[in-house]
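Reviewing the structure listed below.
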Amino acid sequence: MISQYVAERFSAEEEGVLRRYFTNLDQPVFALVNLPEVVKGALFARYSRSAKSLRRLFLDEFVGELDITGDKTIDATVGLRRAEELYDRVFLEYGDDSVAQLGGVHLACEQASNILTKVLEWGRLMSYLEQSTRYIDYLERIGGRYRYYRDPRVGESPLSGRYVSDMDRMFETYGRLLPAMTDFYRRHAPKDSSSSDFAYRRAVRAKALDSVRGLLPAATVSNVGIYGTGQSYELLLLRMRSHGLPEVRAYADLMLTELRKVIPSFLKRVDLDDRGVAWSHYLEDIRTSMEKVADHLLPPDLPVDDTPTVRLVDFDPDAEIKMVASMLYPYTHLPEEQLEREARAMGPEDRLSVIRAYVGSRTNRRHKPGRALERPFYQFDIMADYGAFRDLQRHRMLTLEWQRLTPRHGFTRPEAVDAAGCTLVFNEVMERSEALYHLLDRDFPEQASYAVCLAYKVRFAMSLNARSAMHLIELRTTPQGHSAYRRIGQEMWRLIRDEAGHTAIAEMMKFVDLAEEPPLGRLNAESRTEQKRRAEQQA
């Protein structure tokens with residue numbers, strides 16, 4: 001049992017409804033069953049912008065819209081034995097790996113630390129929605145306590161009192177600065193006549209929450225909605241069971257229990273000694289071996305090069321020529337090597353004519369050219385605050401590796417915090433975070449990262465192709481995005497254009513926004529949302 005999880009209270013009538021659709025009523029991990037897929041998706045979408053748990057959200061906002069009279073005899077908490085027997089028969093005939101790709105589960109993972117959430121969101125072939133730091137504040141307490149993870153081992157140690165005291169003070173300062181930053185944005189970005197009160201309030205609140213999220217420690221708990229196949233869940237659980245952080249391993253056990261109520265046979269191998277257990281031991285052995293060899297060859301006191309926030313460390317100088325060959329490949333009868341020679345012999349204008357024909361007339365960023373753009377690749381080394389890393393890490397079609405979260409690289413402080421006169425208060429939280437980290441690191445090195453605030457920087461490597469880069473950069477530079485990842489996206493685009501010299505690829509990304517950060521980045525988006533809401537109400 002995860003010690004910091006506080007079970008919600010439901011009335012007898014509410015429990016009667018919830019039992020039909022959720023695999024338990026008192027654990028932080030549970031699956032959604034017996035609901036239309038569109039309802040599950042809508043629940044997860046709403047989940048990311050609500051402070052409520054998923055079960056409470058379902059009761060408050062969804063039950064009234066559904067016809068649940070036919071489900072009264074269902075109890076989803078008891079598991080599915082008949083389904084397990086059916087799966088077993090299918091497995092015997094068709095084999096487990098292929099069949100395990102065809103059954104999926106919507107799983108809610110609640111009160112997970114911001115270290116655990118990144119482990120949950122590691123897999124490429126799963127879908128995730130995570131509770132946002134810019135639409136809800138984290139001041140609402142759970143069971144009378146601030147929303148941060150309490151590790152059992154730390155809680156039983158002499159550091160327990162210091163851990164709780166410092167974490168509480170970080171949250172108290174977050175709560176004190178939030179109204180201060182809200183007032184600051186109201187004064188410096190007053191509402192104009194073209195904006196509604198609702199859209200303006202939402203935009204101001206988003207900016208204020210953005211400016212103070214760096215004060216939250218990585219121990220801050222969040223809710224994550226996951227959709228994945230049986231095979232994807234199996235791989236996720238095998239990695240989690242080999243992880244060095246106790247919270248991750250304990251959460252894997254909770255997930256396995258709930259998933260086995262829905263897709264039991266897909267996960268039979270996870271805890272078999274000669275299958276999943278051996279696989280997890282293999283992963284653990286690799287991790288411990290690499291830690292030892294890295295410590296031996298690269299001691300912790302080795303001087304660190306001074307690098308920019310975003311560095312392009314690898315690319316193919318001939319990428320655009322090879323990309324043109326790939327664009328032409330489906331439309332000819334020529335072999336690849338010959339096509340590459342032909343593309344290399346073309347003049348720049350001829351190659352551009354191929355590229356422009358292939359890209360077509362993109363009228364919005366959702367219009368994506370084809371897979372020839374997957375031929376060029378880029379390797380970036382990035383240093384950003386952990387808050388921005390959280391947002392970028394969720395992109396699927398790329399390879400991303402990150403280093404341990406520590407205070408050693410310093411932190412970022414929004415300019416608005418300085419302008420609002422809150423610099424000293426912000427810095428005091430950073431100092432408290434760093435001191436607590438070093439205290440924990442002596443006896444609890446795995447748990448020490450819980451103390452590190454989201455404003456502290458983490459280094460991560462990102463490898464992606466041009467097609468994935470187009471999606472990421474165009475999405476993350478939109479005016480409504482957070483300033484931290486907007487700057488990263490803008491710099492990635494400049495490096496592709498100027499350092500790699502891939503001007504044609506840069507030209508394709510016509511929806512990259514290079515403008516300075518607007519005073520209230522989400523104002524236009526909130527106004528559009530309100531207009532849609534009014535139109536639906538009038539329909």
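The values are calculated or read from the model by the stated rules, or taken from the named source; none is laboratory data. None of the values given here were measured: they were computed from a predicted structure. Don't worry about glycine lacking a Cβ; one is built from the backbone with ideal geometry, like all the others, and counts go over all protein chains shown. Surface areas here come from the heavy atoms of the whole protein model, side chains and all, with no ligands, DNA or RNA. Shrake-Rupley method; radii C 1.70, N 1.55, O 1.52, S 1.80 Å.
Which value, in Å³ per residue, describes the convex hull spanned by the Cα atoms of the stretch 396-519?
Spread over its residues, the Cα hull of the stretch 396-519 gives 124 Å³ apiece.
For the chain, with all protein chains present and a 1.4 Å probe, just round the carbon and sulfur fraction of the accessible area to a whole percent.
The value for the chain is 50 percent carbon and sulfur by accessible area.
What distance in nm separates the simple spin-label points at residue 11 and residue 283, each placed 7 Å from Cα in the Cβ direction?
Roughly 4.3 nm, to one decimal.
Tell me, what ³J(HN,Hα) does each residue in the stretch 139-149 have, in order and in whole Hz, if you take phi through Karplus 6.51 cos²θ - 1.76 cosθ + 1.60 with θ = phi - 60° and put x for Gly and Pro?
After applying 6.51 cos²θ - 1.76 cosθ + 1.60, I find 8, 5, 7, 10, x, x, 10, 4, 8, 9, 6 Hz.
Output the pairs from 118/207; 52/510; 261/368; 52/207; 268/292; 52/368 with a Cα-Cα distance over 30 Å in this structure; if there are none, say none.
52/510; 261/368; 268/292; 52/368
Hey, how many Å between the Cα centroid of the stretch 226-304 and the Cα centroid of the stretch 393-455?
Each part reduced to its Cα centre gives a spacing of 25 Å.
I need the shape label for the stretch 241-338. Rule: rounded when a/c is under 1.5, else prolate if a/b > b/c, else oblate, with a, b, c from the alpha carbon gyration tensor.
oblate
Treating only the Cβ of Lys, Arg, Asp and Glu as charged (+1, +1, -1, -1), what charge dipole size does the chain show about its Cα centre? Round to the nearest 20 debye. It would help to have the intermediate numbers written out before the result.
Numbers: 76 positive and 80 negative charges, 285 e Å.
So the dipole magnitude of the chain works out to roughly 1380 debye.
Which value, in debye to the nearest 20, describes the size of the charge dipole of the stretch 403-518 about its Cα centre when Lys and Arg Cβ atoms bear +1, Asp and Glu Cβ atoms bear -1, and nothing else is charged?
In total the dipole reaches around 320 debye.
Which residue, chosen from 444, 27, 315, occupies the Cα position most advanced towards the positive end of the dipole of the chain, where the dipole is computed from +1 (Lys, Arg) and -1 (Asp, Glu) charges on Cβ about the Cα centre?
Of the options given, the answer is 27.
Just report the Cα centroid separation between the stretch 128-154 and the stretch 328-385, whole Å.
44
For a test of the definition: using alpha carbon positions, the gyration tensor, and the 1.5 limit on a/c, classify the stretch 1-54 as rounded, prolate or oblate.
Oblate, since a/c reaches 1.5 and b/c is not below a/b.
Please get the size of the charge dipole for the stretch 263-416, origin at its Cα centre, with Cβ charges of +1 on Lys and Arg and -1 on Asp and Glu, quoted in debye to the nearest 20.
The calculated dipole for the stretch 263-416 is roughly 900 debye.
Once every DSSP H run of n ≥ 4 in the chain is given -39500 (n - 2.57) and the sum is divided by its residues, what mean residue ellipticity at 222 nm do you get, rounded to the nearest 500 deg cm²/dmol?
-14500 deg cm²/dmol
Positive end of the dipole of the stretch 168-263, charges at C-beta (+1 Lys, Arg; -1 Asp, Glu), about the Cα centre: which of 236, 215, 182 has its Cα farthest in that direction?
After comparing all options, I get 182.
Across every pair of different alpha-carbon atoms, what Kirkwood hydrodynamic radius in Å does the stretch 353-461 reach?
17.1
Rounded, prolate or oblate: pick one for the chain, where a ≥ b ≥ c are the square roots of the eigenvalues of its C-alpha gyration tensor, a/c under 1.5 means rounded, and failing that, prolate if a/b is larger than b/c, else oblate.
rounded
How many Å² of accessible area per residue for the chain, probe 1.4 Å?
Details: 25960 Å² over 539 residues.
Normalised by residue count, the accessible surface of the chain is 48 Å².
Leaving out ligands, DNA and RNA but keeping every protein chain, what accessible area does residue 142 have, in Å² rounded to the nearest 10, with a 1.4 Å probe?
For residue 142, the solvent-accessible surface is approximately 40 Å².
Any idea how far apart residue 329 and residue 38 come out in nm if each label point goes 7 Å out from Cα toward Cβ?
3.9
Mind checking which of 478, 465, 427 is farthest towards the positive end of the stretch 414-480's charge dipole, using Cβ charges of +1 (Lys, Arg) and -1 (Asp, Glu) about the Cα centre?
Looking along the dipole axis, the top candidate is 465.
Could you tell me the calculated FRET efficiency between residue 337 and residue 295, based on Cβ-Cβ distance and R0 = 60 angstrom, to the nearest 0.05? Mind showing how you got there, number by number?
On the way: r = 45 Å, r/R0 = 0.75.
After rounding to 0.05, the efficiency reads 0.85.
Evaluate the relative contact order of the chain (contact order divided by residue number), counting alpha-carbon pairs under 8 angstrom at least 6 apart; express in whole percent. Please report the intermediate quantities before stating the final value.
Working: 776 pairs, mean separation 96.1, N = 539.
Across the chain, relative contact order equals 18 percent.
Contour minus end-to-end for residue 314 and residue 172, with contour as 0.36 nm per residue of separation and end-to-end as the Cα-Cα distance?
So the extension gain works out to 46.7 nm.
Given a Förster distance of 35 angstrom, what is the FRET efficiency for residue 132 paired with residue 381, based on the Cβ-Cβ distance and rounded to 0.05?
With R0 = 35 Å, the Cβ-Cβ based efficiency is 0.80.
Output needed for the stretch 187-301: three equivalent-ellipsoid semi-axes, defined as square roots of 5 times the C-alpha gyration tensor eigenvalues, in descending order, whole Å.
Here the semi-axes work out to 43, 25, 10 Å.
Please express the Cα-Cα pair-distance distribution P(r) of the stretch 111-163 as a list of whole percents, one per 10 Å bin, running from 0 to the bin with the greatest distance.
18, 40, 31, 11, 0
On a full-extension model of 0.36 nm per residue, what is the gain between residue 441 and residue 409, subtracting their alpha-carbon distance, rounded to one decimal in nm?
In short, 9.9 nm is gained.
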